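A.B. asks: Sharing a structure below in structure tokens format, with a few things to ask.
The values are calculated or read from the model by the stated rules, or taken from the named source; none is laboratory data. The structure displayed is predicted, hence computed values, not measured ones. Cβ sites come from the backbone with ideal geometry, for glycine too, and all protein chains shown count toward neighbours. SASA here: full protein model, heavy atoms, side chains in, ligands and nucleic acids out. Shrake-Rupley method; radii C 1.70, N 1.55, O 1.52, S 1.80 Å.
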Amino acid sequence: MAYLHFNFKSDAIDQSIELDVILPTLTGGMDCNPPFKTLYFLTGYSGGARETLTFLNMKLHAMLHGLALVVVTGDRSFYVDKPEWGDNYGRFIGEELVEITRSLLPLSRKKEDTFIGGISMGGFGALINGLHYSDTFSKIAMLSPALRVNKILKKEISPLKPDRMEAIFGTEDEYLHSDKNPEKVLLDRKKSGKAIPELFLRCGCQDELVYDVNKEFLRFLEEQNIPVDFEETDGVHDLVYWSKMLEPCFAFLSPAKSFMEE
């Protein structure tokens, strides 16, 4: 296993970006010889890449499942484009980040080997960008995703700031009818016959911040006959819960036999 830290100037968001990268091996091993399958993982609203790697023990899971791991900090952007600010986080995730990491590292260029995932705000970002860039990403993994942000914003326990959310998404009506609303994007893709990546979702039943909106989203998927890998699990909106969900998440992305089974 190798750990790398990158710093480069992003054209999409016009600022310096830092990335944390895990490569499962540099010498080869079962099911993880380069070029590597890759998970682009997006952090939450208040989390950073290095913190996420450290407290979730993602390095172990990346190694066991033969995945390269690219972890990105989102600066409370929800990973969507705001061209008037010069912050095109969606284009950064779906285009620039993939192009740069593939040019620098021994990563697979195949769609079937390229995945996107995230926690909380990063789960939203994974879904919306996984859909917009479905020619790049074949699977989307969401842990406690902050979906239906218009409803989360109205909760007393919500950390989201109304002014910031309106600056990012517009009014509630504008958000609901925009390409920043995952449900609208899913409906549009379904109507046009475009492929939808495979979906994985886990959210703790005791998660007061996002459990209800996740259940609403699951009902929406069921109504639209869009499959999703989901199981009811206990837990709240914290690192302890996400740590427990990493194994099923990584198994969904790369179900190949792990080193532990040898």
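A.B. asks: Applying 1/(1 + (r/R0)^6) with R0 = 51 Å to the Cβ-Cβ distance of LEU187 and LEU104, what FRET efficiency is obtained, to the nearest 0.05?
C.D. replies: 0.85
A.B. asks: Roughly what percent of Cα-Cα pairs across the chain reach past 31 Å?
C.D. replies: 19 percent
A.B. asks: Right, something else. Compare the peptides 57-68, 223-234 by average per-residue count of other Cβ atoms within 10 angstrom and give them in order, highest first.
C.D. replies: For the peptides 57-68, 223-234, the packing ranking is 57-68, 223-234.
A.B. asks: Taking 30 Å as R0, compute the FRET efficiency from the Cβ-Cβ separation of GLU222 and ARG50 and round it to 0.05.
C.D. replies: 0.20
A.B. asks: Tell me, in nm to one decimal, what length is gained between GLU166 and SER178 on full extension, where the rule is 0.36 nm per residue of separation less the Cα-Cα distance?
C.D. replies: Additional length available on full extension: 3.0 nm.
A.B. asks: So, one more: May I ask what percent, to the nearest 5, of DSSP beta bridges between residues of the chain are antiparallel?
C.D. replies: If we restrict to bridges inside the chain, about 40 percent are antiparallel.
A.B. asks: Still on this model: Tell me what the chain gives for mean residue ellipticity at 222 nm when only DSSP H runs of n ≥ 4 count, each as -39,500 (n - 2.57), the sum divided by the residue total, rounded to 500 deg cm²/dmol.
C.D. replies: Estimated from H runs of four or more residues: -10000 deg cm²/dmol.
A.B. asks: Take the solvent-accessible surface of the protein heavy atoms, probe 1.4 Å, and return the percent of it on the chain that carbon and sulfur atoms account for.
C.D. replies: 50 percent
A.B. asks: Enter the accessible area per residue of the chain (Å², integer; probe 1.4 Å; all protein chains in place).
C.D. replies: Spelled out: the 1.4 Å probe surface of the chain, per residue, equals 44 Å².
A.B. asks: What is the range 54-208's relative contact order, in percent, from Cα pairs under 8 angstrom and six or more apart in sequence?
C.D. replies: Relative contact order of the range 54-208: 19 percent.
A.B. asks: Continuing with the same structure: By per-residue mean of other Cβ atoms within 10 Å, what is the highest-first order of 116-124, 237-245?
C.D. replies: Put in order of decreasing packing, that is 116-124, 237-245.
A.B. asks: What distance in nm separates the two pseudo spin-label positions at VAL236 and LYS194, each 7 Å out from Cα along the beta-carbon direction?
C.D. replies: Those two pseudo-labels are separated by 3.9 nm.
A.B. asks: Follow-up question, since we're still on this one. Relative contact order of the chain: what whole-number percent is it, with Cα pairs under 8 angstrom and at least 6 residues apart?
C.D. replies: 18 percent
A.B. asks: To continue, here is another question. Could you please report the charge total around HIS61, scoring K, R as +1 and D, E as -1 over all other residues with beta-carbon less than 12 angstrom from its beta-carbon?
C.D. replies: Around HIS61, the charge tally is +1.
A.B. asks: Right, another one. Can you give the FRET efficiency for ILE157 and ALA251, using 1/(1 + (r/R0)^6), R0 = 35 Å, r = Cβ-Cβ distance, to the nearest 0.05?
C.D. replies: 0.65
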